[in-house]
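Working notes for the structure below.
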Amino acid sequence: MKLFKSKFKIAGLIMLLFLFSTIAVSLKVYAKPVNAVLVDYSAMEQIEKNVFIEADAGSDVKTQLLEFVRSSEDKVINIFGSRVASPYVIVALSQSALNKYAENITGQTYYYPWKNYIVIGPKGLNENVISHEFTHAELRERLDNKDKVPAWFDEGLATMIDGRYANNENVWKEHTNNGEKPIDYQTLGSHEAFNNYGTREAWINYNLACYEVTRWFKVVGKDGLLQLIDGLNNGKEFDNQYQLIESEMID
């Protein structure tokens, strides 16, 4: 019996050590998203509802940030007709803040069921990047299942709004031989096609996605976009809805 209890205690100790090590590794891997979630309890200054920046950032920077936020909100409203998402915006400009919150120096969003946390770095402190991330947050907020839309549509809608890919039609013509070579939508359906931000391959993919969604939106408009979202939330498949809505608008 004593031997059994001793073995039981050792097994329990091993399990506890495994649990603690797993938690420690998870906290290290997910430290930045966790810090974003806990930003309300940090030294970051909340300068407006859901908008945070380092307290020692200059007043001009804070004013500019709020201007970018408002203009980005207007862009989202112009596309969707209204705005239902209310993500946190965390601006990390110093190296210490970047180390705590950011995966890159431009912009990224940590998605959670209860809230989206947008982290903006020094390279992303502009209307383009903020409106891009706001668009991702808005689309995901409206969808019951974010996986219903392929990555190219998610990124295409965001790039259409942010304005950094104004040359998208020329890129599309070059890489599709003026429309004769079809786009590989299966590859562009994965977010991996857009993950290596800053590489030429990712830049091309962003442009292709921007071109296709911009082309589609010019045909269907806001009503078509909302119809697509509604259809997806009612169990319909993306490809069928995407094509059907466009054909109905043309007819």
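In the set (1) in contact (Cβ under 8 Å) with a residue 40 or more places away in the chain; (2) open to solvent by 10 Å² or more (accessible area, probe 1.4 Å); (3) not aliphatic (A, V, I, L, M), the condition left unmet by T109 is number (1). Taking the criterion of being open to solvent by 70 Å² or more (accessible area, probe 1.4 Å), touching a residue at least 40 places away in the same chain (Cβ under 8 Å) and of a type in the set (D, E), no residue of the stretch 193-220 qualifies. Number of residues in the stretch 47-65 that are open to solvent by 30 Å² or more (accessible area, probe 1.4 Å) and among the aliphatic types (A, V, I, L, M) equals 3.
From the list V129, V149, the lone residue that is out of contact with any Ser or Thr (no Cβ under 7 Å at 6 or more places or on another chain) and buried (at least 18 other Cβ atoms within 10 Å of the Cβ) is V149. Check E138, E155, E169 and return the single one that is open to solvent by 50 Å² or more (accessible area, probe 1.4 Å) and touching a Phe, Trp or Tyr at 6+ places or on another chain (Cβ under 8 Å). Selected residue: E169, the only one of E138, E155, E169 that is open to solvent by 50 Å² or more (accessible area, probe 1.4 Å) and touching a Phe, Trp or Tyr at 6+ places or on another chain (Cβ under 8 Å). Listed by position, the strands (runs of 3 or more DSSP E) contained in the stretch 23-133 that have at least 3 residues being modelled with pLDDT of 95 or more are 45-48, 51-53, 88-91, 116-120. Within the stretch 95-103, is there a residue that is surrounded by fewer than 23 Cβ atoms within 10 Å (Cβ to Cβ), under 26 Å from W216 (Cα atoms) and acidic (D, E)? No, the stretch 95-103 contains no residue that is surrounded by fewer than 23 Cβ atoms within 10 Å (Cβ to Cβ), under 26 Å from W216 (Cα atoms) and acidic (D, E).
Can you say whether E127 is more than 17 Å from T214 (Cα to Cα) and among the charged types (D, E, K, R), as far as the supplied structure shows? Walk me through how you get there before you give the answer.
Numbers: more than 17 Å from T214 (Cα to Cα): yes; among the charged types (D, E, K, R): yes.
In short, yes.
The values are calculated or read from the model by the stated rules, or taken from the named source; none is laboratory data. Since we're looking at a predicted model, the values are computed, not measured. Neighbour counts run over all protein chains shown; Cβ positions are idealised from the backbone, glycine included. The protein model used for the area step is the full one, side chains on, heavy atoms only, and it has no ligands, DNA or RNA in it. Shrake-Rupley method; radii C 1.70, N 1.55, O 1.52, S 1.80 Å.
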